[in-house]
Amino acid sequence: LELTDPGEFTATISIANNDNEICAYETTSFTAETTGSIASLQWQKDGENFENATSSTLSNVNTAGSYTVVATQTTSGCTVTSNAITLTVDTVPNVTITGPASVCKDQYFELNANNADEYEWSYQGMGEDDELTEEMIYDYITADRTYSVTGYNSFGCTASASKTVTVNALPSTELTFS
């Protein structure tokens, strides 16, 4: 009976862009790097196997948890588990705009953005030098206008909302002299 040393083998994983914190609408990928004679790989999240996740890359990941890969050596069948990388998935702000849906021509009104930490407004006909970064805007219009706001939370995640304000025609008054 002759015994052979299966040799050393290792498995490590890395994450795309070295960024282990993403927004809920983003995805990332993990890559496994191995040394030695490896027969198979199995990706895991929080210690549980991913079904059919046996290639060197785990793509389109957007679920928070602790990720590892288990490598099985060809000759011995022994396994080694990689380093763990914890992925954090940050929430996205639920940005809304409150204010009137319609106003009278040349009537001042207020629109408020909600549910984010910082805001950036835009609207039809906005000048290049206009920069609206407050939670509230105060405006008047002579024609229908759509306002959009992008909200940013403390994690850097963004969401947008839009609202169209329509202009009601002023009542016509006719004076008749008799």
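Looking at the stretch 28-65, the GluC sites (Glu not before Pro) that sit in a DSSP loop and have at most 14 other Cβ atoms within 10 Å of their own Cβ are E51. Residues in the stretch 32-41 carry Karplus couplings, in order, of 9, 10, 10, 10, x, 8, 9, 8, 7, 10 Hz; the curve used is 6.51 cos²θ - 1.76 cosθ + 1.60 with θ = phi - 60°, and Gly or Pro positions show x.
The portion of the accessible surface of the stretch 59-178 made up by carbon and sulfur, rounded to a whole percent, is 46 (1.4 Å probe; DNA, RNA and ligands excluded).
Backbone amide hydrogens, once placed in the peptide plane, bring C23 within less than 5 Å of D90, excluding anything fewer than 5 places away on its chain. The chymotrypsin sites (Phe, Trp or Tyr not before Pro) of the stretch 2-94 meeting both criteria, a DSSP state outside H, G, I, E and B (loop) and at most 15 other C-beta atoms within 10 angstrom of the site's C-beta, are Y25, F50. Spin-label model, C78/K105: points 7 Å from Cα along the beta carbon direction are separated by 8.6 nm.
Calculated accessible area for the chain comes out at 63 Å² per residue, all protein chains present (probe 1.4 Å; ligands, DNA, RNA ignored).
Remark: the stretch 134-147, residue by residue, has Karplus-estimated 3J(HN,Hα) of 8, 5, 10, 10, 10, 8, 9, 9, 10, 9, 3, 8, 9, 10 Hz, where x stands for each Gly or Pro and the curve is 6.51 cos²θ - 1.76 cosθ + 1.60 at θ = phi - 60°.
3J(HN,Hα) along the stretch 68-77, derived from phi through the Karplus expression 6.51 cos²θ - 1.76 cosθ + 1.60 where θ = phi - 60°, amounts to 9, 10, 9, 9, 10, 6, 4, 7, 9, x Hz, with x in place of Gly and Pro.
In this structure, S122 and A16 have a Cβ-Cβ separation that, at R0 = 41 Å, corresponds to a calculated FRET efficiency of about 0.85. Taking the chain as a whole, the Cys residues whose C-beta sits 4.7 Å or farther from every other Cys C-beta are C78, C104.
Loop-located chymotrypsin sites (Phe, Trp or Tyr not before Pro) across the stretch 70-178 with a Cβ neighbour count of 14 or fewer within 10 Å are Y108, Y140, F177, with loop assigned by DSSP.
Using the Cβ-Cβ distance between N114 and E26 with R0 set to 22 Å, the FRET efficiency from 1/(1 + (r/R0)^6) comes to roughly 0.45. Taking the inverse of the mean 1/r over every pair of distinct Cα atoms in the chain gives a Kirkwood hydrodynamic radius of 21.0 Å. Maximal additional length on extending the T96-T35 stretch stands at 16.8 nm, based on 0.36 nm per residue less the C-alpha distance.
The values are calculated or read from the model by the stated rules, or taken from the named source; none is laboratory data. Quantities reported herein were computed from a predicted structural model and do not represent experimental measurements. Note that we place each Cβ from the backbone using ideal geometry, even for glycine, and neighbour counts take in every protein chain shown. Note: accessible area is taken over every heavy atom of the protein model, side chains too, but ligands, DNA and RNA are not part of it. Shrake-Rupley method; radii C 1.70, N 1.55, O 1.52, S 1.80 Å.
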